[in-house]
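Input: a single structure, listed below in structure tokens.
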Amino acid sequence: MRNLTVNGERLWASLMELAQIGATEKGGVCRLAASDLDGEARRLFIRWCEEAGCTVTIDHIGNIFARRPGRNPELAPVMAGSHLDTQPTGGRFDGAYGVMAGLEVVRTLNDLAYETEAPVEIVAWTNEEGSRFSPAMVGSGVFAGVFTLDAALATRDNNAPALTLGSELERIGFAGKASVGGRKVGAYFEAHIEQGPILEAAGLPVGIVTGAQGQRWYEITVTGQEAHAGPTPMPRRRDALVGAARMIDEVNKIGHAYAPYACATVGFVQVSPNSRNTIPGRVFFTVDFRHPQDDVLSAMDRELRAACAAAAATQNLEVAVEEFWRFPPTPFDPELVGAVREAAQAQGYTHQDIISGAGHDAVYMARVAPSAMIFVPCVGGISHNEIEDAKPEDLTAGCAVLLNAVLESADGDAVK
Ligand SMILES: [Zn+2]
């Protein structure tokens with residue numbers, strides 16, 4: 001493992017200059033996918049890449065690839081990147097950090113006149129956030145074959161349905177000519193702020209991301225009987241809300257039972273008729289379960305169904321538990337995760353393994369290429385917020401780890 005460092009001040013300066021594009025009064029960034037501001041950020045990124053000697057390619061969904069050649073042009077490139085779009089009240093680091101860290105890797109290699117064996121590509125994926133155009137992670141999703149190109153281009157602006165992602169990419173000049181995906185990627189690395197509180201609480205500059213959580217979403221309908229709140233004695237009631245309340249408490253207990261990695265959330269509840277003097281006859285609510293292991297999610301599933309059946313039985317209610325959506329857990333490539341860990345060790349950065357609770361472009365890339373991620377702490381664990389913040393020294397640490405892990409793939413694996 002090599003032990004090279006990066007220019008942290010240059011990385012920080014580029015992040016701050018990029019954050020001017022779409023800067024908000026509260027110190028955040030609003031740079032929605034395929035907006036004028038997104039176009040401006042993309043053009044700045046491309047200018048920097050070309051100044052660093054890279055050749056830029058844009059594909060049909062607007063993904064940008066900036067290639068620094070290697071000794072052997074036949075080898076599949078090693079990629080590092082993330083996204084340039086933000087949430088409406090987004091911060092300066094979510095996405096931007098991964099792209100600028102990729103750029104800093106290339107700039108450092110240039111400083112050292114370092115020739116890698118395989119080419120290195122910096123990538124900026126289109127519409128990771130999914131805020132203006134839903135769903136999220138569309139550029140990497142089309143690249144990985146999760147979505148078709150036509151469906152992605154036809155996605156409508158959530159607030160202006162006459163506009164599509166395709167028409168807006170065309171308008172800002174980023175409907176590129178290259179076909180999407182279908183080519184070999186040697187390795188994909190993504191550096192990102194953690195967006196959670198774990199690294200900051202542990203006082204660690206670097207997280208070795210071993211994978212992303214799986215998710216199971218449910219819709220649950222509890223049916224009892226509406227009746228007058230006054231004349232109906234307690235033993236005769238079939239109160240759907242009492243049943244639902246006990247089920248919701250059980251959901252929370254299931255989450256705690258599989259701590260620390262499990263998450264269990266009820267975030268949406270509808271009571272009908274929702275009248276203060278009528279016993280609720282029907283309750284609809286959602287459940288969001290997350291865990292990095294599929295067998296644990298299956299156990300949580302069984303416990304959820306058993307708890308709902310038991311709560312319904314004691315209240316003389318009916319309950320329907322429907323699985324609405326599922327996303328399998330994504331373990332990252334063990335060899336690449338190992339390279340990230342060794343790079344952190346070689347640099348002397350304290351670190352821990354961590355699971356990503358959020359979706360990232362790397363989660364889709366893991367379907368078509370060996371992939372791994374590097375997390376750095378963010379202040380208070382807060383992101384998708386204008387106050388999102390990160391320390392320059394942590395950003396530098398994550399970028400140095402990225403550089404050495406990229407070199408391990410671009411030289412080490414390529415030479416084998
Ligand atoms: Zn992001």
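The values are calculated or read from the model by the stated rules, or taken from the named source; none is laboratory data. None of these values were measured; they are calculated from a predicted model. In this analysis, Cβ positions are derived from the backbone assuming ideal geometry, glycine residues included, and neighbour counts consider all displayed protein chains. The protein model used for the area step is the full one, side chains on, heavy atoms only, and it has no ligands, DNA or RNA in it. Shrake-Rupley method; radii C 1.70, N 1.55, O 1.52, S 1.80 Å.
Just to verify a number: FRET efficiency for residue 322 and residue 160, C-beta to C-beta distance, R0 = 35 Å, to 0.05?
0.60
Among residues other than residue 287 whose Cβ falls under 13 Å from its Cβ, what is the net charge (Lys/Arg +1, Asp/Glu -1)?
Here the count lands on -3.
Sorted by packing (mean other beta-carbon atoms within 10 Å per residue), highest first, where do 201-211, 51-61, 266-276, 90-100 land?
90-100, 201-211, 51-61, 266-276
Students often get this wrong: which residues of region 177-196 have the backbone nitrogen under 16 Å from the point 7 angstrom along Cα-to-C-beta of residue 72?
Label zone hits: 184-187.
I'd like to know how region 278-371 sits against the 2.2 N^0.38 Å rule of thumb: what's its Cα Rg over that expected value?
Ratio of Rg to 2.2 N^0.38 Å for region 278-371: 1.63.
Report the charge-dipole magnitude of the chain in Debye, nearest 20, computed about the Cα centre from +1 at each Lys and Arg Cβ and -1 at each Asp and Glu Cβ.
In debye, rounded to 20, the chain gives about 920.
Mind checking the per residue accessible area of the chain for me, 1.4 Å probe, whole number of Å²?
Per-residue accessible area for the chain comes out at 42 Å².
If you roll a 1.4 angstrom probe over the protein chains with everything in place, what fraction of the accessible area of the chain belongs to carbon and sulfur, to the nearest %?
Looking at the chain in its full context, I get 52 percent from C and S.
If the viscosity is 0.692 mPa s and the temperature 37 °C, what translational diffusion coefficient in µm²/s does Stokes-Einstein give for region 91-148 when Rh comes from Kirkwood over Cα pairs?
247
Bins of 5 Å, beginning at zero and ending with the bin holding the largest distance: percent of Cα pairs per bin for region 186-297, please.
Final binned percentages: 2, 10, 16, 14, 13, 12, 9, 8, 6, 5, 3, 2, 1, 0, 0.
Hey, if you put +1 on the Cβ of every Lys and Arg and -1 on every Asp and Glu Cβ in region 275-378, which of 334, 280, 296 ends up farthest toward the positive end of that dipole?
Toward the positive end, the furthest listed residue is 280.
So who's got an amide H within less than 5 Å of the one on residue 188, skipping anything under 5 residues away but keeping other chains? H placed 1.01 Å off N, in plane.
Result for residue 188 returns 79, 371, 372.
Could you list, bin by bin from short to long, the percent of Cα-Cα pairs of region 161-245 in 10 Å steps?
Distribution as computed: 10, 17, 15, 21, 17, 14, 6, 0 percent.
Report D for region 1-115 in µm² per second (integer): Stokes-Einstein, Kirkwood Rh on Cα pairs, 37 °C, 0.692 mPa s.
Estimated diffusion coefficient is 220 µm²/s.
Using the Cα centre of region 169-265 as the reference point, and only Cβ charges (+1 on K/R, -1 on D/E), how large is the resulting charge dipole? Debye, rounded to the nearest 20.
340
How large is the direction-averaged shadow of the alpha-carbon convex hull of region 348-416, in nm²?
6.1
Using 1/(1 + (r/R0)^6) with R0 = 25 angstrom and r between the beta carbons of residue 313 and residue 253, what's the FRET efficiency to the nearest 0.05?
With R0 = 25 Å, the Cβ-Cβ based efficiency is 0.90.
If packing is taken as the mean number of other Cβ atoms within 10 Å per residue, what is the order of 223-230, 243-250, 327-334, highest first?
Order by mean packing, descending: 243-250, 327-334, 223-230.
Please report the relative contact order for the chain, taking Cα pairs under 8 Å with a sequence separation of at least 6, and give it as a percent rounded to a whole number.
24
Calculate the tail of P(r) for the chain: the fraction of all Cα-Cα distances greater than 31 Å, expressed in %.
44
When ranked by the protection proxy of mean other Cβ atoms within 10 Å per residue, highest first, what sequence do the peptides 13-22, 360-369, 126-135, 346-355 form?
360-369, 126-135, 13-22, 346-355
Considering only 99, 72, 382, whose Cα is most displaced toward the positive end of the charge dipole of the chain, charges sitting on Cβ of Lys, Arg (+1) and Asp, Glu (-1)?
382
What do you get for Rg/Rh of region 238-322 when both radii come from the Cα atoms and Rh is the Kirkwood radius?
Here the Rg-to-Rh quotient is 1.01.
Using R₀ = 45 Å, calculate the FRET efficiency as 1/(1 + (r/R₀)^6) where r is the Cβ-Cβ separation of residue 114 and residue 305; round to 0.05.
It comes out at approximately 0.20.
For region 311-350 and region 223-299, what is the separation of their C-alpha centers, rounded to whole Å?
What the calculation gives is 24 Å, centre to centre.
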